[in-house]
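One structure is given here, and the rest of the page talks about it.
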Amino acid sequence: AYIGQDTIKLVEGSISSDIYENANFAWAYNFGHKGIDDVNSYADFWSWTRLGFLPLVISPAGWPYSESLDSAVPQVAGAPAYDVAKLPSHRAFPDHHRPVPMVNDYLRFNRIIGGIRYRQQVSSSVDFEHCNYPGQASIFKDYIGKGCTESTVPDDEELDPDLYSTELISQPEREEWLLSEITPYASLVQQVIDMEDGCVSAQAQNRSCLCHWCAAQSPTHPWLNEMTTRIEITFSTYNPQYGLHCLATVNFWFNRAGHIHKRINIRSSWAGIEVRDSGTLFVFLSAGFVWLFANIYIFRTEGLEIIGVIRSSRKRWYLSITEDYIGFWNCVDWISVAIALANCGMFSRLMTQTYDVNKLLSAFALHTAGEQVLTASEFQEATHGYYTQLTELFSRERI
């Protein structure tokens with residue numbers, strides 16, 4: 001009852017299918033010819049990011065209207081022409097505190113928390129010594145012209161990575177945050193451009209480079225290069241309709257053969273037992289109490305039996321237990337009690353971490369309400385802390 005896999009699949013499937021189906025690039029009029037599975041080069045990756053993924057997840061448009069709506073409305077003689085641009089971009093509805101769509105609204109019923117994190121895994125070194133030549137190395141070094149990375153097998157992902165591979169990334173580097181909640185959309189696009197061209201446009205326009213890692217290099221160069229072995233794009237959402245935390249990761253593996261593997265994974269966790277509907281909560285609590293009292297009964301019964309054996313025997317207590325008490329079914333009972341205690345401990349820890357995540361989430365709500373305004377650096381630190389705690393929560397729930 002607690003897991004609620006039907007609801008989890010509903011929410012996770014909506015996010016995953018949206019990215020797969022609607023994050024498109026190679027646009028011609030209103031049709032994007034390519035999607036994530038067509039990302040096969042660095043240029044494709046940035047086209048997908050800037051033209052497909054970013055405007056999909058962080059929509060710059062307001063209230064959506066159908067295409068060619070102005071031409072579909074009949075023109076009335078003497079009346080002004082119907083202009084879609086003059087329609088409301090945000091709409092107020094009953095029981096809404098603010099007009100919708102709001103900043104970081106995603107798929108209408110989800111709220112992105114903080115923004116989007118880009119980070120990657122890179123090769124430890126590039127050197128000519130890592131290359132394999134068909135003859136004398138000194139002859140081929142100038143011909144090949146560049147060093148090779150260390151062998152990444154078995155991490156090279158010659159085969160398609162599985163979902164478990166998306167949950168772990170070793171030694172992530174080049175972390176960049178697209179803080180969509182406090183940053184205008186145009187600035188987010190400019191940040192992506194700076195990541196792609198390595199601050200070239202920033203230098204040409206005499207402005208600060210928004211790719212912090214790129215700007216720190218000397219000379220500056222693109223965020224994605226041949227050292228990259230994997231890119232992880234992460235954003236977190238909260239669905240208040242169901243009370244569900246989600247962490248979406250879009251992963252790209254760049255193997256040394258030139259292929260790019262892609263995999264999307266969504267992980268979810270409930271925001272506590274109190275967010276469940278009354279029927280599910282009743283079943284969960286009823287079954288839980290029956291299970292708990294059954295284990296307490298076993299513990300009490302076995303404990304009384306041990307005391308009785310010791311009191312009725314003339315042997316030392318440990319001999320009474322080993323010779324007169326221990327049997328197959330007694331061991332089964334104590335193993336079940338031990339497993340029950342372990343389950344209670346893990347569930348308690350899960351609930352503690354869940355409420356820690358909820359507490360961190362409240363900081364974003366207070367910031368939006370103006371009760372606890374954060375600076376840009378404080379906001380990024382809060383977002384980083386939230387993502388870290390949320391990842392630990394999902395790891396705990398897996399156990």
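Largest first, what is the accessible-area ranking of Phe284, Phe347, Phe394 with a 1.4 Å probe? Intermediate values should be presented prior to the final figure.
On the way: Phe284 50, Phe347 70, Phe394 10 Å².
Heavy-atom accessible area, descending, gives Phe347, Phe284, Phe394.
Could you size up the charge dipole of region 1-76 around its Cα centre, putting +1 on the beta carbon of Lys and Arg and -1 on that of Asp and Glu, and report it in debye to the nearest 20? Before the final figure, lay out the partial values.
Details: 3 positive and 9 negative charges, 29 e Å.
Computed charge dipole of region 1-76: roughly 140 debye.
Per residue, the solvent-accessible area of region 119-278 (1.4 Å probe, heavy atoms of protein chains only, all protein chains present) comes to 49 Å².
With the cut-off at 1.5 for a/c, could you classify region 63-137 from its C-alpha gyration tensor as rounded, prolate or oblate? Can you show the working numbers first?
On the way: a/c = 6.74, a/b = 2.35, b/c = 2.87.
Cα axes put region 63-137 in the oblate bin.
Ordering Val122, Gln75, Ala137 by Cα displacement along the dipole of region 48-157 toward the positive end leaves Gln75 in first place; charges were set at the Cβ atoms of Lys, Arg (+1) and Asp, Glu (-1). Between Tyr297 and Thr280, the modelled labels are 2.9 nm apart [label points 7 Å from Cα along Cα→Cβ].
Using 0.36 nm times the number of residues separating Phe128 and Phe328, minus their current alpha carbon distance, what extension gain do you get? Please report the intermediate quantities before stating the final value.
Details: separation 200, 0.36 × 200 = 72.00 nm, distance 6.40 nm.
Going from the current span to full extension adds 65.6 nm.
Largest first, how would Cys199, Cys209 line up by accessible area (1.4 Å probe)?
Numbers: Cys199 0, Cys209 25 Å².
The ordering from most to least exposed comes out as Cys209, Cys199.
Shown are Phe299, Phe45, whose ranking by accessible area with a 1.4 Å probe and every protein chain present, most to least, is Phe299, Phe45. Cα gyration tensor of region 301-399, axes a ≥ b ≥ c as square roots of the eigenvalues: rounded (a/c below 1.5), prolate (a/b > b/c) or oblate? The shape class here is prolate. With the simple model of a label 7 Å out from the Cα in the direction of the Cβ, Leu10 to Val290 spans 2.5 nm.
When the helices in the chain are scored as -39500 (n - 2.57) per DSSP H run of 4 or longer and the sum is shared across all residues, what 222 nm value do you end up with, to the nearest 500 deg cm²/dmol? Show your work: numbers first, answer last.
Numbers: 11 runs with 163 residues, N = 399.
Helix contribution divided over all residues of the chain: -13500 deg cm²/dmol.
Helix 278-312 and the longest principal axis of the Cα set of the chain meet at an angle near 30°. Close Lys pairs in the chain, defined as Cα atoms under 29 Å apart and 8 or more places apart or on different chains, number 5.
The share of accessible area on region 1-48 that comes from carbon and sulfur is 53 percent, using a 1.4 angstrom probe. Reported to the nearest whole Å, the Cα centre-to-centre distance from region 186-225 to region 95-113 is 30. Across the chain, Cα-Cα pairs farther apart than 33 Å form 50% of the total. Region 271-299 to region 46-75: how many Å between their Cα centroids? Rounded to whole Å, the Cα centres lie 46 Å apart. Rounded to the nearest Hz, the phi-derived 3J(HN,Hα) couplings of region 104-117 under the Karplus curve 6.51 cos²θ - 1.76 cosθ + 1.60 (θ = phi - 60°) are 6, 5, 9, 6, 6, 10, 10, 10, 6, 9, x, x, 10, 9, where x marks glycine and proline.
For Thr352 and His384, what is the calculated FRET efficiency with R₀ set at 25 Å and r taken between the beta-carbons, to the nearest 0.05?
Values: r = 21 Å, r/R0 = 0.83.
E between Thr352 and His384, to the nearest 0.05, is 0.75.
Could you give the size of the charge dipole of region 84-237 about its Cα centre, using +1 on the Cβ of each K and R and -1 on the Cβ of each D and E, expressed in debye and rounded to the nearest 20? Numbers along the way, then the final one.
Numbers: 12 positive and 22 negative charges, 229 e Å.
In total the dipole reaches around 1100 debye.
Taking all protein chains as present, what is the carbon and sulfur share of the accessible area of region 261-399, in % to the nearest whole number, probe 1.4 Å? Within region 261-399, the accessible surface is 65 percent carbon and sulfur. For the chain, the residue among Ala85, Ser17, Ser268 whose Cα projects farthest onto the positive side of the dipole built from Cβ charges is Ser268.
The values are calculated or read from the model by the stated rules, or taken from the named source; none is laboratory data. Values in this document were obtained by computation on a predicted structure and should not be read as measured data. Note that each Cβ is placed from the backbone with ideal geometry, even for glycine, and that neighbours are counted across all protein chains shown. Heavy atoms of the whole protein, side chains included, go into the accessibility calculation; ligands, DNA and RNA do not. Shrake-Rupley method; radii C 1.70, N 1.55, O 1.52, S 1.80 Å.
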